[in-house]
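The values are calculated or read from the model by the stated rules, or taken from the named source; none is laboratory data. Values in this document were obtained by computation on a predicted structure and should not be read as measured data. As a convention, Cβ positions derive from the backbone with ideal geometry for all residues, glycine included, and neighbour counts pool all protein chains shown. The area values use the complete protein model at the heavy-atom level, side chains included, leaving out ligands, DNA and RNA. Shrake-Rupley method; radii C 1.70, N 1.55, O 1.52, S 1.80 Å.
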Amino acid sequence: MYINILVGIVFVVLVVWIVRDFLNRLKSPAKIMEDELKQRRKKQEQIAANIERLRETGMKKLIPVKQALQEMNAALPEEKQFTIENNRDSVAIIFEKSYVEITHRLTQFSIRGNEQDFSDDVAMHQSFVIECKDEDGNVITTHQAATEEETIRLIAREIVNVVEP
């Protein structure tokens, strides 16, 4: 009989412990809201980091293009040289009545992906966009190139078109 009472007490303690644990797992609305806010902030920080990574990648990819532009400009006679302007996301070649803007873009990328996913996207989906614009900013022609070498060739053609009409 004492054993039954002892087993009953242990059983009641276990039931109370399980119920208390279950109730502790149920979160209050305030805790649920805090968790949701934390998750949202974490996602937004990840998206912001990937967008910044995208911007940095574009700037890095434009460095060889800018160096090639400087070499091309140095090869021109002084009266036909142009101005190179390095904006945050693009490089611009400024002539008297027009300019050429070169930007690096990804045609497809994952905003929520990790660094490895992002580098894969850069390798597979990158393009350089070359836009020739008049002095008012109206687009005259647009070209896309997949590689830096192709980009430099297209830019050289545009420079020749302006310098030697």
Legend entry - Mean Cα-pair separation over length for region 1-115, i.e. relative contact order, pairs under 8 Å, 6 or more apart, %: 22
Legend entry - Simple Cβ-charge dipole of the chain, Lys/Arg +1 and Asp/Glu -1, about Cα centre, in debye nearest 20: 1440
Inset, instruction - Would you mind checking the tilt of helix 2-25 against the longest principal axis of the Cα atoms of the chain, expressed as 0 to 90 degrees and rounded to 10? - result: 20
Legend entry - Given charges at Cβ of Lys, Arg, Asp, Glu: region 35-96 dipole, positive-most of ILE47, ILE84, THR57: ILE47
Inset, instruction - Using label points projected 7 Å from each Cα along Cα→Cβ, tell me how many nm separate ARG157 and THR83, to one decimal. - result: 2.8
Inset, instruction - Express in nm, to one decimal, how much length is gained between LYS60 and ILE3 on full extension, taking 0.36 nm for each residue of separation and deducting their alpha carbon distance. - result: 12.8 nm
Inset, instruction - Determine the principal axes of the Cα atoms in the chain, then give the extent along each, sorted from largest to smallest and rounded to whole angstroms. - result: 110, 28, 22
Inset, instruction - Please work out the average accessible area per residue across the chain, using the 1.4 Å probe convention, and give it in Å². - result: 73
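Pulled fully out, how much extra length does the chain show between ILE140 and VAL12, if you take 0.36 nm times their separation in residues and subtract their Cα-Cα distance?
Full extension from ILE140 to VAL12 adds 37.8 nm.
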Legend entry - Over 31 Å (Cα to Cα) - which of LYS38/LYS61; LYS38/LYS60; LYS38/LYS66; LYS60/LYS97; LYS43/LYS66 fall in this group: LYS38/LYS61; LYS38/LYS60; LYS38/LYS66; LYS43/LYS66
Inset, instruction - May I ask you to compute the full-extension gain from HIS125 to LEU76, defined as 0.36 nm times their residue separation minus their alpha-carbon distance, rounded to one decimal in nm? - result: 14.3 nm
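Please report, as a whole percent, how much of the solvent-accessible surface of the chain comes from carbon and sulfur atoms (probe radius 1.4 Å).
55
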